[in-house]
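The values are calculated or read from the model by the stated rules, or taken from the named source; none is laboratory data. On a predicted model such as this, the values are computed, not experimentally measured, just so you know. Note that we place each Cβ from the backbone using ideal geometry, even for glycine, and neighbour counts take in every protein chain shown.
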Amino acid sequence: MTTRVVCWNIARRPAPWDELLSMGADVALLQEAGPVPEDAAAKIDTGSREHWDSHVWNSDWYSGRWDRLYDRWPLVVKLSDRVEVEWFKQVSAIGEPEADEVAVSGIGTIAAARVVPEDGQSFIAVSMYARWLRPHSSTNSRWKIGYSDASAHRIISDLSAFIGDIDPSTHRILAAGDLNMIYGATDDNHLALPARERTVYDRMDALGLEFIGPQHPAGVQANPTPHGLPPDTLNVPTYFDVGKSPETAYKQLDYVFASRGFHEQVTVRAMNSPEEWGSSDHCRLWIEVEA
């Protein structure tokens, strides 16, 4: 059996929910998801609020600081009856969560579930969103957007809870999402923090999580090669800038990882041609997991 997974940053837009329903996928790993529109809610199962909403476990400390902690979230979504989904409830970063819980150290950065195909082995599915964080005011930094590598490292720390052996082949983990990083960026890339970002990919590798891509030819490349990437880059754009269109996309921000060994059963393709891009500023990643 092939389990069909779509990974997509939907930018809190309503239109992608209808597109998800038309794709024939079994599971969606979403980032920046807002409320499910009423017309789609009856056909989509997002699990309990405890699996995605950090307000549930992390609300007291921010009381009185601002109106809301966050308004968009990573989700693991069930789209078909070909699979069962067992969501992990989020709790704070404690040392010994219960069997149906996952300890989370970042707000709005991760959602996790066990996916059980009707005819195949189960696997852990994780939706990742490396949120931008701004430098402390004491730095007087000019980085107005901030940095995403700190969020990514928090995600990796949380992922580590599902790794209980030095042998990666004992794990079946699929982790995908928007890391807000440019894979393989050269040191002169002004849109990245290359040295810092490389530590994220190195750490994934050290945990036995293989980088799956997508990489060309599993997606359309930007032409010409964007500044700040090596000439032999295999990156495929997955995001276009505000006010632009898919035709102008040149940055890859979305990626897929899988446990070493299990990764041989996983394929991914970026749906990044203008004709199939979809209604978000990020394109969809189509992932197939063989039984």
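Are any residues in region 182-219 out of contact with any Gly (no Cβ under 8 Å at 6 or more places or on another chain), among the acidic types (Asp, Glu) and part of a loop (DSSP other than H, G, I, E, B), and if so, which ones?
Scanning region 182-219 gives a single hit, Asp187.
Any residue in region 268-280 that is on the phi > 0 side of the Ramachandran plot sitting within a Cβ distance under 9 Å of a residue that is part of a loop (DSSP other than H, G, I, E, B) and surrounded by 13 or more Cβ atoms within 10 Å (Cβ to Cβ)? List the pairs, counting only those 6 or more apart or interchain.
Final answer for the pair search is Gly278/Ile10.
Considering only region 85-136, how many residues are outside any strand (DSSP E or B) and more than 20 Å from Arg284 (Cβ to Cβ)? Let's see the steps before the verdict.
If we filter region 85-136 for residues that are outside any strand (DSSP E or B), which is where we start, we get 88, 92-100, 104-109, 118-122, 130-132, 134-136.
Retained after the next criterion (residues that are more than 20 Å from Arg284 (Cβ to Cβ)): 88, 92-100, 104-109, 118-122, 131-132, 134-136.
Adding up the residues that qualify gives 26.
Can you pull out the residues in region 26-52 that are free of Cβ contacts under 8 Å to residues at least 40 places away in the same chain and assigned to a loop (DSSP other than H, G, I, E, B)?
Filtering region 26-52 for residues free of Cβ contacts under 8 Å to residues at least 40 places away in the same chain gives 34-44, 46, 49.
Across region 26-52, the qualifying residues are Gly34, Pro35, Val36, Pro37, Ala42, Lys43, Ile44, Thr46.
Among the residues of region 82-89, is any over 18 Å from Glu50 (Cα atoms), in contact with a strand residue (DSSP E or B) (Cβ under 7 Å, 6 or more places away or on another chain) and among the basic types (Lys, Arg)?
So far as region 82-89 goes, yes, one or more of its residues are over 18 Å from Glu50 (Cα atoms), in contact with a strand residue (DSSP E or B) (Cβ under 7 Å, 6 or more places away or on another chain) and among the basic types (Lys, Arg).
I'm checking my understanding of the structure. Among residues of region 112-143 that are under 17 Å from Leu75 (Cα atoms) and out of contact with any helix residue (DSSP H, G or I) (no Cβ under 8 Å at 6 or more places or on another chain), which one is surrounded by the most Cβ atoms within 10 Å (Cβ to Cβ)?
Only one residue tops the list, namely Ser127.
Inside region 1-25, can you point out the residues that are free of Cβ contacts under 8 Å to residues at least 24 places away in the same chain and not in a loop (DSSP other than H, G, I, E, B)?
The one that is free of Cβ contacts under 8 Å to residues at least 24 places away in the same chain and not in a loop (DSSP other than H, G, I, E, B): Asp18.
How about region 261-284: which of its residues are in contact with a Lys or Arg (Cβ under 7 Å, 6 or more places away or on another chain) and under 15 Å from Lys251 (Cα atoms)?
Met271, Ser280
Might you let me know whether region 262-273 holds any residue that is modelled with pLDDT under 95 and exposed (fewer than 14 other Cβ atoms within 10 Å of the Cβ)?
Within region 262-273, none of the residues are modelled with pLDDT under 95 and exposed (fewer than 14 other Cβ atoms within 10 Å of the Cβ).
If I ask for residues that are out of contact with any Leu (no Cβ under 7 Å at 6 or more places or on another chain), farther than 21 Å from Val289 by Cβ and crowded, with 20+ Cβ neighbours inside 10 Å, which ones from region 159-188 would you list?
The one that is out of contact with any Leu (no Cβ under 7 Å at 6 or more places or on another chain), farther than 21 Å from Val289 by Cβ and crowded, with 20+ Cβ neighbours inside 10 Å: Tyr183.
When the residues of region 137-181 are filtered to those that are in a strand (DSSP E or B) and either touching an Asp or Glu at 6+ places or on another chain (Cβ under 7 Å) or of a type in the set (A, V, I, L, M, F, W, C) (or both), which remaining residue is farthest from Pro117 (Cα to Cα)? Explain how you work it out, then say what you get.
We begin by selecting, within region 137-181, every residue in a strand (DSSP E or B); these are 147, 173-178.
Then drop every residue that is not either touching an Asp or Glu at 6+ places or on another chain (Cβ under 7 Å) or of a type in the set (A, V, I, L, M, F, W, C) (or both), which leaves 173-178.
On the way: Ile173: 14, Leu174: 14, Ala175: 17, Ala176: 18, Gly177: 21, Asp178: 25 Å.
This residue is Asp178.
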